[in-house]
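Only one structure is covered here, and it is reproduced in the block below.
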Amino acid sequence: MKGIFTETIIEFIDRKQHWLFLLVTAIASAIIYFAVSDKLELVKNEISSQASLLQAASSSLNNFVTVIVMLSVVSIMFLIPRISRKGRVEFYLSKPITRTKFFYGKVISLFAIYCTMILLCGMLVAGVLHYLKALTFSGSAYIVVIGLASFLVWFSIISFTGFMTKSVSISFAAFGSLWMMQLFLKHRSEWGIEQKFVQLILDTFYYILPKTSEMSSISIQLATGGMTVSYLPIFTSLLLAGMLFYASMSAFGRRDF
């Protein structure tokens, strides 16, 4: 297990991904600093409200975390198919390690490394907002933690498609399709559909598919002290993640290498 984790870290560093994350964070920090500073001046001059500043700061951090999460997901799209590559996986399975331990060792290693980067980058930007006194630490924590939960959901989807198909293109197509579908389905009640059968189908897809866009909205509501109607999008999305990880592990255990 330790060797798998070490190899995953070395691969992450060799691909220079940590520099990409830090570069994006530095650029975002500068943009957010000047944007929120302008908003802060409006509040000082009583042209804008404190609530408006809090909303702007929360949305800025949430948008940044979303970008970092998506960057992590795209990176993992290229890594998951390699795990099942002939020769590489056989090397590990020739050692005294079960398929289950190898699977969880690799998946947990990837998740831990990218979660660390998301957390680090998120807290750096949150530090800028805290320095400007635009967002509290607790408000930042809500956004970053729910961002990590969103990453877990997408990671499970990419892992499932990657292990099942060994294809980067299919993983990317699945990610793009599900992302768009969740955006459409959350507005299904506004479509004015009267047929109950169609409504049932749409509701079924809504509850099955991930709802990370709604999770982002919940994080902003919590950060700004707003009323949260329901935590159902978080619970159902995490349930989906658990089911997909289990399905991925089962498929990996039965595969003939």
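Since every read-out is calculated from the coordinates, none of them should be taken as a lab result. Model, not experiment: these values are computed from the prediction. Note: ideal-geometry Cβ built from the backbone for every residue, glycine included; neighbour counts use all protein chains shown.
Quick look at the values:
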item	result
Segment Ala112-Glu41, extension gain: residue separation times 0.36 nm, minus the distance between their alpha carbons	21.6 nm
Order of Arg254, Arg82 under a 10 Å beta carbon neighbour criterion, fewest first	Arg254, Arg82
Label-to-label distance, nm, for residues given as Arg15 and Thr165 (7 Å Cα→Cβ offset)	1.8 nm
Pairs from Lys101/Lys211; Lys186/Lys211; Lys16/Lys166 whose Cα-Cα separation, in the structure shown, is over 18 Å	Lys101/Lys211; Lys16/Lys166
Neighbour-count ranking [beta-carbon atoms within 10 angstrom, fewest first] of Glu41, Glu7	Glu41, Glu7
Order of His130, His187 under a 10 Å beta carbon neighbour criterion, fewest first	His187, His130
Computed over the chain, Cα set: Rg, Dmax in Å	20.4, 69
